[in-house]
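Undergrad: Would you mind keeping the following structure in view while I ask a few things?
The values are calculated or read from the model by the stated rules, or taken from the named source; none is laboratory data. Keep in mind that this is a model prediction, so the values were computed, not measured. Note: ideal-geometry Cβ built from the backbone for every residue, glycine included; neighbour counts use all protein chains shown.
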Amino acid sequence: MNINEIKQKDTEYVANTYPRYDLCVEKGLSSTCYDFDGKEYIDLSSGIGVNSLGFCDPAWAGAVTGQLNTLQHMSNLFYTSPCVRLAEKLSEITGCKKVFFANSGAEANEGAIKAARKYSFDKYGAESGRNRIITLVNSFHGRTMAALTATGQESFHNFFFPFLEGFEYVNAGNIGELKEKLEIDILTNGSCAAIIIEYIQGEGGVVPLDYDYVKAVAEICEKYDILLIADEVQTGVGRTGTFLAGENYGIKADITTLAKGLGGGLPIGAVLLGEKTADVFGPGHHGTTFGGNPAICAGAVEILNRISDESFLAGVKNKGDYIRKRLSEIDEVIKTDGMGLMLGITLKTKKSADVVKAGIENGVITLTAKEKLRLLPPLNITMGELEKGLDRLINIMKN
Ligand SMILES: *Cc1c(COP(=O)(O)O)cnc(C)c1O
């Protein structure tokens with residue numbers, strides 16, 4: 001098939017849920033990929049923060065294919081080794097007590113919500129009505145019904161009513177509003193089971209939460225036994241220069257969800273359960289057919305072995321600083337938000353969507369996040385690739 005046939009058949013046969021750019025990538029290695037005409041692109045998007053080690057990292061691909069040729073799947077009614085190795089590794093790195101494996105970010109968040117409600121049910125009883133989940137305005141938690149209900153953006157809520165009961169939204173930065181919503185009383189410690197935050201709102205426009213606000217939220221959660229759920233689907237797995245973004249805030253959430261970067265390009269989600277929720281799930285309480293897939297987990301172990309290394313994470317920070325420095329010299333750039341290699345750029349005159357399109361024409365792949373231009377490069381992008389990609393991007397901004 002050539003590119004025109006692919007485009008035509010995509011329109012004809014694939015559900016029209018994605019506005020696609022005029023590019024079909026054929027292959028890639030490291031942070032460089034090629035279209036069917038052999039044109040080269042530097043990837044500053046990692047998919048959307050998914051390809052943590054770039055395209056087709058040899059050791060990662062070796063781990064996946066090695067496992068594929070050994071055992072590709074066995075049902076969760078049996079033990080398998082890669083998922084145990086991955087869970088142990090996640091526990092060693094993050095201090096979580098147990099892990100539930102899912103297949104996506106939305107599904108990980110569904111699991112976190114279920115774990116939080118089960119914790120509250122077990123401890124306070126159904127009659128307490130202590131089941132509400134509070135999330136932030138401008139958040140993004142995924143497209144399945146509970147994750148979508150949790151998503152605090154009206155634009156995603158069109159069409160699909162009714163949503164789930166027991167979700168409420170507060171504005172980030174306003175502790176007074178949060179306290180009001182909690183309806184604390186001494187019998188039940190209020191009616192709220194959990195608060196979900198993204199330390200840096202990704203789809204919301206790369207908006208980092210204020211340090212003091214996050215600290216205050218964590219204190220309230222601790223005091224009233226409300227679970228703090230950190231949605232680290234985008235910020236986790238080294239993206240911000242620490243393994244979890246919570247480390248930048250000095251916060252350990254009760255439950256953390258991971259997905260995007262964890263599988264290095266294959267679908268996996270994880271619910272990291274802390275002390276309080278480690279044992280809320282018993283047999284039959286939750287599950288998913290593909291969770292903990294051996295091949296994906298074997299690849300994820302390789303990802304974690306590489307990324308959890310201190311010098312690797314320092315490299316993520318340094319490359320982030322380098323990008324900021326290059327961008328700060330450009331008149332078109334008003335400011336750059338974010339941490340590590342999760343960056344949102346506010347432009348002076350250009351529309352970010354136009355810059356992304358021009359980037360594709362000029363051999364560099366970037367993203368938007370709301371009105372900002374967003375960069376999520378592979379964490380192991382080489383300095384050579386990064387310089388080349390930024391040169392192309394900055395050229396566009398200067399014209
Ligand atoms: C992408 C994203 C999700 C949804 O992940 P899917 O794998 O698309 O379901 C949830 N939360 C955050 C913060 C995300 O960035």
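Undergrad: Read through the list (1) crowded, with 18+ Cβ neighbours inside 10 Å; (2) among the acidic types (D, E); (3) over 27 Å from N109 (Cβ atoms), then give the number of the only condition that E302 fails.
TA: It is condition (3) that E302 fails.
Undergrad: Report yes if some residue within region 52-64 is outside any helix (DSSP H, G or I), crowded, with 22+ Cβ neighbours inside 10 Å and hydroxyl-bearing (S, T, Y); otherwise report no. Steps first, answer last, please.
TA: To start, the set of residues in region 52-64 that are outside any helix (DSSP H, G or I) comprises 52-57.
Going one step further and asking which of them are crowded, with 22+ Cβ neighbours inside 10 Å, we end up with 52-54, 57.
Subsequent filtering for residues that are hydroxyl-bearing (S, T, Y) retains 52.
Yes - at least one qualifying residue is present in region 52-64.
Undergrad: Which of (1) surrounded by fewer than 23 Cβ atoms within 10 Å (Cβ to Cβ); (2) touching a strand residue (DSSP E or B) at 6+ places or on another chain (Cβ under 8 Å) is the odd one out, the single condition N395 does not satisfy?
TA: The failed condition is (2).
Undergrad: Select from region 140-152 the residues that are among the polar types (S, T, N, Q) and closer than 24 Å to I184 by Cα and write down the one among them that is farthest from the ligand (Cβ to nearest atom).
TA: Taking region 140-152 first, the residues among the polar types (S, T, N, Q) are 144, 149, 151.
Still in the running and closer than 24 Å to I184 by Cα: 149, 151.
Values: T149: 13, T151: 8 Å.
If we take residues in region 140-152 being among the polar types (S, T, N, Q) and closer than 24 Å to I184 by Cα, then T149 is farthest from the ligand (Cβ to nearest atom).
Undergrad: With F163, F159, F167 as the choices, which residue is in contact with a strand residue (DSSP E or B) (Cβ under 7 Å, 6 or more places away or on another chain) and aromatic (F, W, Y)? Steps first, answer last, please.
TA: On the way: F163 fails: in contact with a strand residue (DSSP E or B) (Cβ under 7 Å, 6 or more places away or on another chain); F159 fails: in contact with a strand residue (DSSP E or B) (Cβ under 7 Å, 6 or more places away or on another chain).
Unique residue meeting the criteria: F167.
Undergrad: To continue, here is another question. Please tell me if F100 is of a type outside the set (G, A, S) and within 16 Å of the ligand (Cβ to nearest atom).
TA: Numbers: of a type outside the set (G, A, S): yes; within 16 Å of the ligand (Cβ to nearest atom): yes.
Considered against the rule, which asks whether it is of a type outside the set (G, A, S) and within 16 Å of the ligand (Cβ to nearest atom), F100 comes out as yes.
Undergrad: Right, next: Just to be sure I understand, how many residues within region 153-182 are touching a Gly at 6+ places or on another chain (Cβ under 8 Å) and within 16 Å of the ligand (Cβ to nearest atom)?
TA: Restricting attention to region 153-182, the residues satisfying the condition of being touching a Gly at 6+ places or on another chain (Cβ under 8 Å) are 153, 169, 182.
Remaining after also requiring within 16 Å of the ligand (Cβ to nearest atom): 153, 169.
Final tally of qualifying residues: 2.
Undergrad: Does L258 fit the bill of being surrounded by 23 or more Cβ atoms within 10 Å (Cβ to Cβ) and among the aliphatic types (A, V, I, L, M)?
TA: yes
Undergrad: Does S120 satisfy being more than 27 Å from F290 (Cβ to Cβ), small (G, A, S) and modelled with pLDDT of 95 or more? Before the answer, list the steps.
TA: Numbers: more than 27 Å from F290 (Cβ to Cβ): yes; small (G, A, S): yes; modelled with pLDDT of 95 or more: yes.
For S120, the condition - more than 27 Å from F290 (Cβ to Cβ), small (G, A, S) and modelled with pLDDT of 95 or more - is met.
Undergrad: Now, a different point. Considering each of D10, D35, D43, D22 in turn, give the residue that is exposed (fewer than 11 other Cβ atoms within 10 Å of the Cβ) and closer than 18 Å to I360 by Cβ.
TA: Working: D10 fails: exposed (fewer than 11 other Cβ atoms within 10 Å of the Cβ); D35 fails: exposed (fewer than 11 other Cβ atoms within 10 Å of the Cβ); D43 fails: exposed (fewer than 11 other Cβ atoms within 10 Å of the Cβ).
After ruling out the rest, the residue left standing is D22.
Undergrad: Being more than 12 Å from the ligand (Cβ to nearest atom), part of a helix (DSSP H, G or I) and under 23 Å from the mean Cα position of the chain (by Cα), is that true of even one residue in region 122-135?
TA: Residues of region 122-135 that are more than 12 Å from the ligand (Cβ to nearest atom), as a first pass: 122-134.
Still in the running and part of a helix (DSSP H, G or I): 122-124, 126-128.
Still in the running and under 23 Å from the mean Cα position of the chain (by Cα): none.
No, the conditions are met nowhere in region 122-135.
Undergrad: Note down all Cβ pairs under 7 Å where the first residue falls in region 322-336 and is in contact (Cβ under 8 Å) with a residue 24 or more places away in the chain, the second is polar (S, T, N, Q) and surrounded by 12 or more Cβ atoms within 10 Å (Cβ to Cβ), and they're at least six residues apart or on different chains.
TA: Between residues of region 322-336 that are in contact (Cβ under 8 Å) with a residue 24 or more places away in the chain and residues that are polar (S, T, N, Q) and surrounded by 12 or more Cβ atoms within 10 Å (Cβ to Cβ), the close pairs are L327/T336.
Undergrad: Could you check, for region 215-227, whether at least one of its residues is within 16 Å of the ligand (Cβ to nearest atom) and at pLDDT 95 or above? Full working, then the answer.
TA: Narrowing region 215-227 to residues within 16 Å of the ligand (Cβ to nearest atom): none.
No, region 215-227 has no match at all.
Undergrad: Could I ask something else about it? Would you pick out the residues in region 74-94 that are within 13 Å of G274 (Cα to Cα) and surrounded by fewer than 13 Cβ atoms within 10 Å (Cβ to Cβ)?
TA: Matches in region 74-94: E92 only.
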